[in-house]
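J.: Structure incoming, see below.
Taken together, the values in this text are just the output of simple stated rules run on the coordinates, not laboratory data. What you are looking at is a predicted structure, and each value in this text was computed from that prediction instead of being measured. Glycine gets a Cβ as well: all are built from the backbone with ideal geometry, and neighbour counts include every protein chain shown.
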Ligand code: S3P
């Protein structure tokens, strides 16, 4: 069976839903951000702070290549990963891409206390979310299937993803 790849903005539930899907499908779960942190032996926020975003994106690209080579896994890709065309291609070739979506208000609520998200650690995170979403929307829309998670529980999102996986 193909890999399942979850993409979408920060705070849309990729990690929690991904873990649930992995359990349901009896696949291993791969979190790209965790791969990056262990490769670099540094937290994502420190990589952004000390080595800056272009370096992070380079390491992310390597992590995507490595993860996409694996078989029978559910991959949760960091929110910016699919903005890179080569990353999108590598992920697409390895399986089914499902995008989790949410409104800026939901994202703000879900990410509010998380200083671990360097891109949202700015004076006006709502504006930042809106601007990034607008820029990223066309890439997110290239996914095979999207789920709006605003009013759904983790279980409900996972169930919708499972329905799509079964008909794919
Ligand atoms: C990022 C999302 C984060 C992480 C990094 C950059 C982004 O992952 O990769 O902070 O550009 O949207 P999550 O979407 O898993 O929070």
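J.: 7 Å from Cα along Cα→Cβ at both residue 135 and residue 122: what's the point-to-point distance in nm?
T.: Result: 0.7 nm between the two label points.
J.: Just subtract the alpha-carbon distance of residue 1 and residue 150 from 0.36 nm times their residue separation and send over the number in nm, one decimal. Mind dumping the intermediate values first?
T.: Details: separation 149, 0.36 × 149 = 53.64 nm, distance 2.91 nm.
Residue separation times 0.36 nm, minus the Cα-Cα distance, leaves 50.7 nm.
J.: Using only DSSP helix segments of four residues or longer, with each worth -39500 (n - 2.57), what per-residue ellipticity at 222 nm results for the chain after dividing by its residue count and rounding to 500?
T.: Roughly -16000 deg cm²/dmol at 222 nm, from the helical runs in the chain.
J.: Another question, if that's okay. May I ask you to sort 47, 5, 147 by Cβ crowding, counting other Cβ atoms within 10 Å and putting the fewest first? Don't jump to the answer; show the numbers that get you there.
T.: Values: 47 21, 5 31, 147 25.
Sorted ascending by nearby Cβ count, the order is 47, 147, 5.
J.: Now, a different point. With the alpha-carbon atoms as the only input, what is the per residue convex hull volume for the chain in Å³?
T.: Spread over its residues, the Cα hull of the chain gives 105 Å³ apiece.
J.: Then there's this: Using 7 Å Cα-to-Cβ label points, what is the residue 83/residue 113 separation (nm, one decimal)?
T.: About 2.8 nm separates the two model spin labels.
J.: Provide the gained length on full extension for the span residue 57 to residue 159, in nm with one decimal, where the gain is 0.36 nm per separating residue minus the Cα-Cα distance.
T.: Taking residue 57 through residue 159 to full extension adds about 33.6 nm, to one decimal.
J.: Further question: Let me make sure I get this right: for the stretch 65-146, a, b and c are the square roots of the gyration tensor eigenvalues over alpha carbons, sorted descending. Under 1.5 in a/c it's rounded, otherwise prolate if a/b > b/c, else oblate. Which is it?
T.: It comes out prolate by the Cα gyration axes.
J.: Right, next: What three numbers, in Å, describe the spread of the alpha carbons of the stretch 26-72 along their principal axes, ordered from the longest?
T.: 37, 16, 12
J.: Something else about it: With springs only between Cα atoms under 10 Å, which of 124, 150, 33 fluctuates most in a Gaussian network model of the chain?
T.: For the chain, modelled as a Gaussian network with Cα springs under 10 Å, the answer is 124.
J.: Sorted from fewest to most neighbouring beta carbons within 10 Å, what does the list 55, 140 look like?
T.: 55, 140
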